[in-house]
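Colleague: Please find one structure pasted underneath; my questions will follow.
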């Protein structure tokens, strides 16, 4: 049985991908990592990732293109504007029997094997507090409750789509295509109001297609937090702590990742731990113009 990690990246997220792999390789020097390209613009990121962190390109680029084209045909553009954001679904058709998927705006602080181990109990594993904080927001509308599309128990399993693990056997291409068509036929089920794209669709696929789901934060009451907007995490030896509990990972998830932003110094450490090339796409936030600052002052 093969195990590995998938990421989706292109040059636009090169800095984040480098920092993520720096943290992952500190915890897991040997685990295979495969990059699913978001688009054809990935030369700046693929070079450092392959040379420094032994990341491999997804072996079947034709499959990725076919899946992206299928999704583009299924969903109207006013429903799903960026089919490429669904490319993480390719993970179910890649080389690993069991795998983790990790968004690039994440730092990892412990071995990913500790997450993959939960696949002994489930077909899909996540680890976040979305169900307690955001609830159904950014996933489903109230229609799924009113029409009883899912049970109340299933709706407690909604999750953030940036950090999860699963088994290859959960989906065939035909099964996934059928479920995607169901999604396209019922846009009223989903909450895209905050600009999410893949998260509502992925939640539908999992709640309909995976027999056994497990959220580590529900299975383990002592699981620490993981959101980059949390202000009270402590940094010790380049690792974050929630009280006396070491974080599994940190996910910025809509929180600004730039100089002066939350946990910037920690992220900066990992970004330059092994790779000394200058920042590629992250820039300091622009200072407001004199006129904008004047308006902000008079409106305060």
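The values are calculated or read from the model by the stated rules, or taken from the named source; none is laboratory data. The model shown is predicted, which means the values in this text are computed figures rather than measured ones. Ideal geometry is used to build each Cβ from the backbone, glycine not excepted, and the neighbour counts take in all protein chains shown.
Colleague: Restricted to the range 19-47, and to residues that are touching a helix residue (DSSP H, G or I) at 6+ places or on another chain (Cβ under 6 Å) and part of a helix (DSSP H, G or I), which residue is farthest from residue 5 (Cα to Cα)?
Modeller: Taking the candidates together, the pick is 44.
Colleague: Among the numbered conditions (1) within 10 Å of residue 165 (Cβ to Cβ); (2) modelled with pLDDT under 95, tell me where residue 152 comes up short.
Modeller: (1) is the only condition that residue 152 fails.
Colleague: In the range 217-240, how many are outside any loop (DSSP other than H, G, I, E, B), touching a strand residue (DSSP E or B) at 6+ places or on another chain (Cβ under 7 Å) and surrounded by fewer than 21 Cβ atoms within 10 Å (Cβ to Cβ)? I'd like the intermediate steps shown before the answer.
Modeller: To start, the set of residues in the range 217-240 that are outside any loop (DSSP other than H, G, I, E, B) comprises 217-219, 227, 234-236, 239-240.
Now restrict to residues that are touching a strand residue (DSSP E or B) at 6+ places or on another chain (Cβ under 7 Å): 227, 234, 239-240.
Checking which are surrounded by fewer than 21 Cβ atoms within 10 Å (Cβ to Cβ) leaves us with 227, 234, 239.
Of the residues in the range 217-240, 3 are outside any loop (DSSP other than H, G, I, E, B), touching a strand residue (DSSP E or B) at 6+ places or on another chain (Cβ under 7 Å) and surrounded by fewer than 21 Cβ atoms within 10 Å (Cβ to Cβ).
Colleague: Can you give me the number of residues within the range 158-176 that are surrounded by 15 or more Cβ atoms within 10 Å (Cβ to Cβ) and either modelled with pLDDT under 95 or assigned to a helix (DSSP H, G or I) (or both)? Spell out the reasoning first.
Modeller: Residues of the range 158-176 surrounded by 15 or more Cβ atoms within 10 Å (Cβ to Cβ): 158-168, 170-171, 176.
Pick out the ones that are also either modelled with pLDDT under 95 or assigned to a helix (DSSP H, G or I) (or both) and you get 168, 170, 176.
Going through the range 158-176 one residue at a time, the tally reaches 3.
Colleague: Test residue 163 against the criterion of being within 28 Å of residue 105 (Cβ to Cβ) and in contact with a helix residue (DSSP H, G or I) (Cβ under 6 Å, 6 or more places away or on another chain), and give yes or no. Spell out how you get there, then give the answer.
Modeller: Numbers: within 28 Å of residue 105 (Cβ to Cβ): yes; in contact with a helix residue (DSSP H, G or I) (Cβ under 6 Å, 6 or more places away or on another chain): no.
Here the answer is no, as residue 163 does not meet what is asked.
Colleague: Tell me, please, whether a residue that is in contact with a helix residue (DSSP H, G or I) (Cβ under 8 Å, 6 or more places away or on another chain), closer than 24 Å to residue 13 by Cα, in contact (Cβ under 8 Å) with a residue 24 or more places away in the chain and outside any loop (DSSP other than H, G, I, E, B) can be found in the range 116-139.
Modeller: Yes.
Colleague: Return the total of residues in the range 54-91 being assigned to a helix (DSSP H, G or I) and over 16 Å from residue 11 (Cα atoms). Walk me through it before giving the result.
Modeller: Taking the range 54-91 and keeping what is assigned to a helix (DSSP H, G or I), we get 61-74, 83-91.
In the following step, the residues that additionally are over 16 Å from residue 11 (Cα atoms) were identified as 61-74, 83, 86, 88-91.
Of the residues in that region, 20 qualify.
Colleague: List pairs: first residue in the range 213-229 and over 19 Å from residue 20 (Cα atoms), second residue part of a helix (DSSP H, G or I) anywhere in the structure, Cβ distance under 6 angstrom, at least six positions apart or on different chains.
Modeller: The qualifying pairs are 214/118; 223/216; 223/217.
Colleague: Then there's this: Please give the number of the condition residue 4 fails out of (1) in contact with a strand residue (DSSP E or B) (Cβ under 6 Å, 6 or more places away or on another chain); (2) more than 28 Å from residue 219 (Cβ to Cβ).
Modeller: (2)
Colleague: State whether the residues of the range 145-157 include one that is touching a strand residue (DSSP E or B) at 6+ places or on another chain (Cβ under 6 Å), outside any loop (DSSP other than H, G, I, E, B) and touching a residue at least 12 places away in the same chain (Cβ under 8 Å). So that I can check it myself, show each step before the final result.
Modeller: Step one: filter the range 145-157 for residues touching a strand residue (DSSP E or B) at 6+ places or on another chain (Cβ under 6 Å), giving 157.
The next check asks that each one be outside any loop (DSSP other than H, G, I, E, B); those that pass are none.
No - not one qualifying residue is present in the range 145-157.
Colleague: Would the range 66-82 turn up any residue that is buried (at least 19 other Cβ atoms within 10 Å of the Cβ) and under 15 Å from the mean Cα position of the chain (by Cα)?
Modeller: No - not one qualifying residue is present in the range 66-82.
Colleague: Can residue 90 be described as surrounded by 19 or more Cβ atoms within 10 Å (Cβ to Cβ) and within 18 Å of residue 172 (Cβ to Cβ)? Working first, answer last.
Modeller: Details: surrounded by 19 or more Cβ atoms within 10 Å (Cβ to Cβ): yes; within 18 Å of residue 172 (Cβ to Cβ): yes.
Yes, satisfied.
Colleague: Tell me yes or no: at least one residue of the range 186-196 is touching a residue at least 24 places away in the same chain (Cβ under 8 Å), part of a strand (DSSP E or B), touching a strand residue (DSSP E or B) at 6+ places or on another chain (Cβ under 7 Å) and buried (at least 21 other Cβ atoms within 10 Å of the Cβ).
Modeller: yes
Colleague: Another one. Checking the conditions here, which among 292, 287 is assigned to a helix (DSSP H, G or I), over 24 Å from residue 91 (Cβ atoms) and modelled with pLDDT under 95?
Modeller: Exactly one residue qualifies, and that residue is 292.
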